[in-house]
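A short write-up of the structure that comes next.
The values are calculated or read from the model by the stated rules, or taken from the named source; none is laboratory data. Since we're looking at a predicted model, the values are computed, not measured. Positions of Cβ are generated from backbone atoms using ideal geometry, with glycine treated the same way; all protein chains shown enter the neighbour counts. The protein model used for the area step is the full one, side chains on, heavy atoms only, and it has no ligands, DNA or RNA in it. Shrake-Rupley method; radii C 1.70, N 1.55, O 1.52, S 1.80 Å.
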Amino acid sequence: MKQGLVALIVGTLFGLGLTVSGMTQPQKVISFLNVFGHGGQWDPTLAFVMIGAISVHFFAYRVKKHKTSPFFGDKYYLPDRKDIDKKLIVGAVIFGVGWGLGGYCPGPAITSLVSLKLEPFLFVTAMTMGMLIQEYVFKQK
Amino acid sequence: MEASWINALIGGGMIGLAATIHLLVSGRVAGVSSIYFGVIKPKAGDFLWRLKFVVGLILGGLLGSLFLSDPFVNVSGRSVLAVIAAGVLVGFGTKLGSGCTSGHGVCGISRMSPRSIVATLVFMLAGILAVRLISFVVGG
């Protein structure tokens, strides 16, 4: 099915980008977050990942304005909330702490599974647990 | 492999391109944490493409490893316990906060979503403070 093939291609390009960028190297992430330069030099290199990504992706939304529907599929599935609530802030804080602690965020961790190293497996397993805990234990209905 | 700013920029460009294709072809946001959650808690008719995306992430890593030296090197020195705790926090936090660096940072900012701009600033700050605190605790 076309939708699935596109998803596979998109995921592969995404994973390749993550690998090329340096996001799959936890020390590099931690050095990027080490803005205070404590115990080591600040390495702002990874800022260019977001700069590079947004520079390209920004234009997608300009193009989208002229397309009532995506190429495959009947509609867009975009988040439509505009409110900034406690869950967003608290969630972002918790995520950020975890990111600084482990040096991994979801995409790079999953991509790094291919290395067969221990840390990505531990992280992805734990990340799965964390998501399920939020879903089943703490989620307010 | 010492990933320079050129690596970062090119890699970032690839990520941006992937997200762009995902938006314009499939009509969706390339937010990894959300896509992944739909794999671990599947909804009928909304699973296969997510699985393929996640498999793709790993395939992309494989491709990258063919021409890059040690792109997955982890010399962060974080203990097993720290990595596990970090994973739980990232899983919980991205779920609660409705996104991560790709969903909020790349896609959200690209479409100028106030929620995503705020979320990104918050998780960046939290990460910065966490690294500072850990450095203090570990190094003194």
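Considering only C-alpha atoms, what is the centroid distance from region A:76-94 to region A:106-129, in Å? Region A:76-94 and region A:106-129 have Cα centres separated by 25 Å. Reducing region A:47-72 and region B:1-70 to their Cα centroids gives an inter-centroid distance of 15 Å.
When the Debye formula is applied to the Cα atoms of the protein assembly as shown, each taken as the same point scatterer, what base-10 log of I(q)/I(0) results at q = 0.06, 0.08, 0.14 Å⁻¹? Taken in order of the listed q values, log10 I(q)/I(0) reads -0.16, -0.28, -0.92. Listed values for region A:73-86 are Karplus-derived 3J(HN,Hα) couplings in whole Hz (6.51 cos²θ - 1.76 cosθ + 1.60, θ = phi - 60°), namely x, 8, 8, 8, 10, 10, x, 10, 6, 10, 7, 9, 10, 4, and x replaces Gly and Pro.
For B:Arg28, the residues 5 or more places off, or on other chains, whose built amide H falls under 5 Å of its own are A:Tyr77, B:Leu23.
Based on DSSP H segments of at least four residues, each scored -39500 (n - 2.57), the protein assembly as shown has a per-residue ellipticity at 222 nm of -21500 deg cm²/dmol. Each of B:Phe123, A:Phe32, A:Phe59 has its accessible area taken with a 1.4 Å probe; listed largest first, they run A:Phe59, A:Phe32, B:Phe123. At q = 0.10 Å⁻¹ the log10 of I(q)/I(0) for chain A amounts to -0.48, computed by Debye summation with a single uniform scatterer per C-alpha, solvent ignored. Ordered by 1.4 Å accessible area with all protein chains kept, A:Glu119, A:Glu135 run largest first as A:Glu119, A:Glu135. Heavy-atom surface analysis with a 1.4 Å probe gives region B:60-120 a carbon and sulfur content of 73 percent of its accessible area. Taking 26 Å as the cut-off for C-alpha to C-alpha distance, list the pairs among A:Lys87/B:Lys52; A:Lys2/A:Lys67; A:Lys28/A:Lys87; A:Lys28/A:Lys65 that go past it. Listed pairs above 26 Å: A:Lys87/B:Lys52; A:Lys28/A:Lys87; A:Lys28/A:Lys65. Electrostatic bookkeeping for A:Ser112 treats Lys and Arg as +1 and Asp and Glu as -1; over the other residues with beta carbon under 12 Å from its beta carbon, the sum is -1. Within the shell defined by Cβ-Cβ distances under 15 Å, the residues around A:Phe14 carry a net charge of +3, with Lys and Arg each +1 and Asp and Glu each -1.
The figure for A:Arg62 is an accessible area of roughly 120 square angstrom, using a 1.4 Å probe on the protein chains alone.
Taking all protein chains together and rolling a 1.4 Å probe, B:Met112 ends up with roughly 120 Å² accessible. Which net charge results for the neighbourhood of B:Ser76, defined as the other residues with beta-carbon distances under 12 angstrom from its beta-carbon, given Lys and Arg at +1 and Asp and Glu at -1? That sum, taken over residues with Cβ under 12 Å, equals +2. Of the residues A:Asp85, B:Asp70, ranked by 1.4 Å probe accessible area with the largest first, the sequence reads B:Asp70, A:Asp85. Using the Cα gyration tensor of region B:95-140, with a ≥ b ≥ c the square roots of its eigenvalues, what is the shape: rounded (a/c below 1.5), prolate (a/b larger than b/c) or oblate (neither)? Note, shape of region B:95-140 comes out prolate. Taken about its Cα centre, region A:54-141 carries a charge dipole of roughly 400 debye when the Cβ of each Lys and Arg holds +1 and the Cβ of each Asp and Glu holds -1.
Quotient of the Cα radius of gyration of chain B and 2.2 N^0.38 Å, N being its number of residues: 1.16.
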